[in-house]
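Asker: For reference, the structure I am asking about is given below.
The values are calculated or read from the model by the stated rules, or taken from the named source; none is laboratory data. Since the structure is predicted, the reported quantities are computational estimates derived from the model, not experimental observations. Counting neighbours? That spans all protein chains shown, and the Cβs are built from the backbone with ideal geometry, glycine included.
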Amino acid sequence: MTRTTYVIRNGKPVPKIFGAALLAPPAFHVMGDIRAFRSPIDGSVIASRSQLREHERRHGVRQVGNDWTGSTRPPWWNGSTGRTEP
C-alpha cells in the first residue's frame, strides 16, 4: 500500500502531485535601514548601509558568513580581503 499526501485546493483534498502550488501575487518588499552601531575596527559610528559599504571599502574588509549553498566552499572563503600588499 502506498501513501498519498493531500493538499487542500478550493476547500477539497487533492493529491499533492496534482495540486498546483499556491503562488503569492507579485509584491514589493521594502527593507528598512540598519540600526546605528560602533565599528570594532576604528570606533566610528555607522548608521546606514551606504556608510557600511564605504567603511568596508575604506578598511579593505567585508562581511562574511557561512550561508553559501553547495558541497564546496566558495572561492572567497580563504579569508583574503582582495587587497594587495605593497
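Asker: Taking the stated definitions as given, is residue 86 of a type outside the set (Asp, Glu) and at pLDDT below 70?
Answerer: For residue 86, the condition - of a type outside the set (Asp, Glu) and at pLDDT below 70 - is met.
Asker: Same structure, new question: Regarding segment 21-31, can at least one residue be identified that is among the β-branched types (Val, Ile, Thr) and exposed (fewer than 11 other Cβ atoms within 10 Å of the Cβ)?
Answerer: Yes, some residue in segment 21-31 is among the β-branched types (Val, Ile, Thr) and exposed (fewer than 11 other Cβ atoms within 10 Å of the Cβ).
Asker: In this structure, does residue 30 turn out to be assigned to a strand (DSSP E or B) and at pLDDT below 95?
Answerer: no
Asker: For segment 10-41, which residues satisfy the criterion of being over 30 Å from residue 61 (Cβ atoms), over 20 Å from the mean Cα position of the chain (by Cα) and not aliphatic (A, V, I, L, M)?
Answerer: 10, 11, 12, 13, 15, 16, 18, 19, 25
Asker: Looking at this structure, is residue 23 at pLDDT 70 or above and either touching a strand residue (DSSP E or B) at 6+ places or on another chain (Cβ under 9 Å) or part of a strand (DSSP E or B) (or both)?
Answerer: Here the answer is no, as residue 23 does not meet what is asked.
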